[in-house]
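Engineer: Before we start, here is the structure in question, set down as structure tokens.
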Amino acid sequence: MGYTIKNLETVEDAAKGHGLSEQGEARFARKDLEATQVGVSHQRLRPGKRQQFGHRHEEAEEVYVVLSGSGRMKLDEEIVEIGKLDAIRVSPETTRALEAGEEGLELLVFGQHFDKDGEIVPGWW
């Protein structure tokens, strides 16, 4: 079949599976969509919550699109304010993490997929 349709609410919540439900939700839909070249995730951070780690890549450039809410994003050593419909392009080597404002933060994240490309940076913020 030349296409796949998947409601992102039905994708498994990886945050829950890793004991991070208090922080929010993270649904990584690449496999559910049967995509081979692009990754997509739907993420929600609860009001006032911050991701517990940063991450970066060797090859994958990512675009974050804020669907609702607002917050801050740490990009290497810079912290920027983000809000509804902001699109943020992040180069692979830039370490990044998110923090929700008082109404929470909901995003879609897109990027080319490369196996074993991501690196987690614990306690980075």
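Engineer: Got a sec? Which of VAL40, VAL11 is aliphatic (A, V, I, L, M) and within 17 Å of GLY118 (Cα to Cα)?
Structural biologist: On the way: VAL11 fails: within 17 Å of GLY118 (Cα to Cα).
None of the others qualify; the one that does is VAL40.
Engineer: Right, next: Take the stretch 14-34 and flag every residue that is within 24 Å of GLU99 (Cα to Cα), in contact with a Leu (Cβ under 9 Å, 6 or more places away or on another chain) and free of Cβ contacts under 8 Å to residues at least 40 places away in the same chain.
Structural biologist: ALA14, GLN23, GLU25, ALA26, ARG27, ALA29
Engineer: Answer yes if at least one residue in the stretch 89-98 is surrounded by 14 or more Cβ atoms within 10 Å (Cβ to Cβ), acidic (Asp, Glu) and either more than 30 Å from MET1 (Cα to Cα) or out of contact with any Asp or Glu (no Cβ under 9 Å at 6 or more places or on another chain) (or both), and no otherwise.
Structural biologist: Scanning the stretch 89-98, I find no residue that is surrounded by 14 or more Cβ atoms within 10 Å (Cβ to Cβ), acidic (Asp, Glu) and either more than 30 Å from MET1 (Cα to Cα) or out of contact with any Asp or Glu (no Cβ under 9 Å at 6 or more places or on another chain) (or both), so the answer is no.
Engineer: Can you tell me which residue among GLU12, GLU99, GLU81 is modelled with pLDDT of 95 or more and over 15 Å from the mean Cα position of the chain (by Cα)?
Structural biologist: GLU81
Engineer: Okay, next question. When you look at LEU107, is it out of contact with any His (no Cβ under 6 Å at 6 or more places or on another chain), under 13 Å from LEU45 (Cα atoms) and touching a residue at least 12 places away in the same chain (Cβ under 8 Å), yes or no?
Structural biologist: On the way: out of contact with any His (no Cβ under 6 Å at 6 or more places or on another chain): yes; under 13 Å from LEU45 (Cα atoms): yes; touching a residue at least 12 places away in the same chain (Cβ under 8 Å): yes.
Against the criterion (out of contact with any His (no Cβ under 6 Å at 6 or more places or on another chain), under 13 Å from LEU45 (Cα atoms) and touching a residue at least 12 places away in the same chain (Cβ under 8 Å)), LEU107 qualifies.
Engineer: Looking only at the stretch 105-125, count how many residues are farther than 22 Å from LEU33 by Cα and either assigned to a loop (DSSP other than H, G, I, E, B) or under 14 Å from the mean Cα position of the chain (by Cα) (or both).
Structural biologist: The number of residues fulfilling the criteria is 6.
Engineer: For the stretch 48-71, name all the residues that are surrounded by fewer than 20 Cβ atoms within 10 Å (Cβ to Cβ), at negative phi and outside any strand (DSSP E or B).
Structural biologist: Correct list: LYS49, GLN52, GLU58, GLU59, ALA60, GLU61.
Engineer: Taking the stretch 25-41 as the region of interest, how many residues are surrounded by 16 or more Cβ atoms within 10 Å (Cβ to Cβ) and either part of a strand (DSSP E or B) or not basic (Lys, Arg) (or both)?
Structural biologist: Going through the stretch 25-41 one residue at a time, the tally reaches 10.
Engineer: Can we say VAL11 is among the β-branched types (Val, Ile, Thr) and surrounded by fewer than 16 Cβ atoms within 10 Å (Cβ to Cβ)?
Structural biologist: Details: among the β-branched types (Val, Ile, Thr): yes; surrounded by fewer than 16 Cβ atoms within 10 Å (Cβ to Cβ): no.
No, not satisfied.
The values are calculated or read from the model by the stated rules, or taken from the named source; none is laboratory data. These numbers come from a predicted model, not from an experiment. Positions of Cβ are generated from backbone atoms using ideal geometry, with glycine treated the same way; all protein chains shown enter the neighbour counts.
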